[in-house]
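Read through the structure below, which is laid out as structure tokens, and then see the notes.
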Amino acid sequence: MNFEFKTFDLAAAAREKCDALIVLFSAVMKAETDSISALTSSAMKAGDLVDKPGKFLMTYRPSGMSATHLVMASIGEGSLKDVRQAVSAAISAVKGKAAKKICLCFVTQPHENALASAIMAAADASYVYVATKTKPEGRQIQRVLINVPGGLKLKPSFDHAVASVAGVEFAKEWANRPANYATPTHLAGAAKALAKFPGIKCEVLGPKEVASLGMGSFMAVSQGSDEPLRFIVLHYNGAPKTQAPTVLIGKGITFDSGGISIKPAGEMDEMKFDMCGAASVLGVFRSLAELKPSINVVGLIPSCENLINGSAVKPGDVVTSMSGQTIEILNTDAEGRLVLCDALTYAERFKPRAVIDIATLTGACVVALGAVRSGLFSPDDSLASALLSAGEYSSDLCWRMPLDEDYSESLKTNFADVANVGGRAGGAVTAAKFLQRFTAKFTWAHLDIAGSAWKSGANKGATGRPVPLLLAYLMTLAKSK
Ligand code: BES
Ligand code: MN
Ligand code: ZN
């Protein structure tokens, strides 16, 4: 979808030829003399328009305007949530009207975050999945002009939001594809395609290379599948080589059946989303290609299927990770940590300023935080607070979880250095404690996105989170340097 930044006023907006003109108003709006303001205030007086986010009034061919439809949508107090609700409702309403070109007007100058919220909401409400449909309806809305009063001050925030949308949509697209259309090899293809953008390079390792690196833990997960594993390495270089990179690691299980510790059949299809961490890393690189910040970023994606054949790993098997630590695989369904631990060890070679792994890691995190906030784990206060703020800034929230050493107790075993599961209690934390054993050489954070990365039910689909959070964090690094 194409966004354009405009700074004209309401009178000019009324003259803009488009399928739908969406005016985001609030009651605090000054009494102006232009036709839109006049219409809005008379509709409010008549009680046809209520000043409550999500409420709107749509009219056909309003006189004196060039738009086919005019939508007057309330943003209430103008909070991020209000703006998101208003834009979602208005866009959903015009979607039924075959609208291609939309003009979205802020009547008063929005806060930069509110502008971003509007852009994200517009993209989200108009996204259509088509990849595996034979008669796809496709995306109707092609162009969105964003009108903001107050000149070019908000242009950088606009650019950031548009880049974030490009990343979110890239992530959603790959995450939504079924596992037979999004194998580890397909994901590697998507990463290679990103390397066409200037500043991005991509390298893909297969089973042989991974074996000679000694990634015994990653290989154990993959061995029950006929689909070959891929270890994807992406580089974004926007700063001199001497500057330490941030490493992002995305869990790339393209389908998680649970392995021999098999999952129940109900909703098992949703385990195609078990590569949402990987998709978010790809998405961030897509955004970096747009914004070209002066930082260095490495993306690592250990990708394979967790299936069951005659050579599948069995409960009780002990494997040796790249770090040298042995792991007793007590539950083959706790596979995410097994692929991530080897990627964490691989990350050491980049002497990173920080490593952030992103994973749909535990059902326990869904129980703890639901779909609202991702779980954030980090022993480093300053990294944790930077990620928390990036989440607030981008409306892509996370919540800090504990990492007390006592949570490691349940990972002890008689047969290896560590077991891959503890008990059911505190499952999101024990998973993080397992990962932490492989992070001694760098500053680290872990995002458990099991609850936030996709929606179930009638609107089943990937959300593209936490691309906005990660991008907001990376952009602060580019500024603070
Ligand atoms: N991919 C799942 C986590 C998951 C489950 C995400 C449900 C979203 C919804 C992960 O590989 C897994 O199966 N984790 C197990 C760990 C357990 C065996 C310790 C879980 O959460 O049940
Ligand atoms: Mn699993
Ligand atoms: Zn999994």
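Here the Debye sum runs over all C-alpha atoms of region 14-100 as equal scatterers in vacuum, and log10 of I(q)/I(0) at q = 0.13 Å⁻¹ comes out as -0.38. A straight Cα-to-Cα reach below 22 Å connects LYS135 with the lysines LYS95, LYS97, LYS100, LYS172, LYS460, residues fewer than 8 places away in its own chain not being considered. Given R0 = 30 Å, the distance between the Cβ atoms of PHE415 and LYS441 translates into a calculated FRET efficiency of 0.70. Spin-label model, GLU137/SER92: points 7 Å from Cα along the beta carbon direction are separated by 1.4 nm. Coupling constants for region 185-201 follow from the phi torsions by the Karplus curve (6.51 cos²θ - 1.76 cosθ + 1.60, θ = phi - 60°), and in residue order they are 5, 5, 4, 4, x, 5, 5, 5, 5, 5, 5, 6, 6, x, x, 10, 10 Hz; glycine and proline get x. Computed over the alpha carbons of region 214-285, Rg followed by Dmax gives 15.6, 50 Å. The average projected area of region 310-416, computed from the convex hull of its Cα atoms over all directions, is 8.7 nm².
One chain, two ends: GLU203 and LYS351. Fully extended at 0.36 nm per residue, the span grows by 51.4 nm beyond their Cα-Cα distance.
From the Cα gyration tensor of region 111-250, with a ≥ b ≥ c the square roots of its eigenvalues, which class applies: rounded if a/c is under 1.5, or else prolate if a/b is larger than b/c, or else oblate? Verdict is oblate for region 111-250. Site pair THR326 and THR33 shows an inter-label distance of 8.7 nm when each label is modelled 7 Å from Cα along Cα→Cβ.
Here the average projected area of the convex hull drawn through the C-alpha atoms of region 382-481 stands at 8.5 nm². Taking label positions 7 Å along the Cα-Cβ direction at both ALA458 and ASP51, the computed distance is 3.2 nm, reported to one decimal.
Residues in region 63-101 near a label at VAL372, defined as backbone nitrogen under 15 Å from the 7 Å Cα→Cβ point? Zone members listed by number: 81-82. Compactness of region 171-299, taken as the C-alpha radius of gyration over 2.2 N^0.38 Å, stands at 1.12. Assuming 1.567 mPa s and 4 °C, estimate D for region 376-421 with Stokes-Einstein, Rh taken as the Kirkwood radius over Cα pairs, in µm²/s. For the chosen part, D equals 103 µm²/s. Dipole of the chain computed with +1 at Lys/Arg Cβ and -1 at Asp/Glu Cβ about the Cα centre; of GLN85, LEU205, ALA12, farthest Cα towards the positive end is ALA12. Here's the list of lysines a cross-link from LYS101 could span, going by alpha-carbon distance under 20 Å and ignoring same-chain residues fewer than 8 apart: LYS6, LYS17. Computed extension length for VAL128-GLU267: 47.8 nm, one decimal, from 0.36 nm per residue of separation with the Cα-Cα distance subtracted. Restricting the calculation to alpha carbons of the chain gives Rg and Dmax of 23.9, 80 angstrom.
Bear in mind these aren't lab numbers, they're just calculated from the coordinates by the rules spelled out. From a predicted model like this one, the values you see are computed outputs, not experimental measurements. Cβ coordinates were reconstructed from backbone atoms using ideal geometry, including for glycine residues, and neighbour counts include every protein chain displayed.
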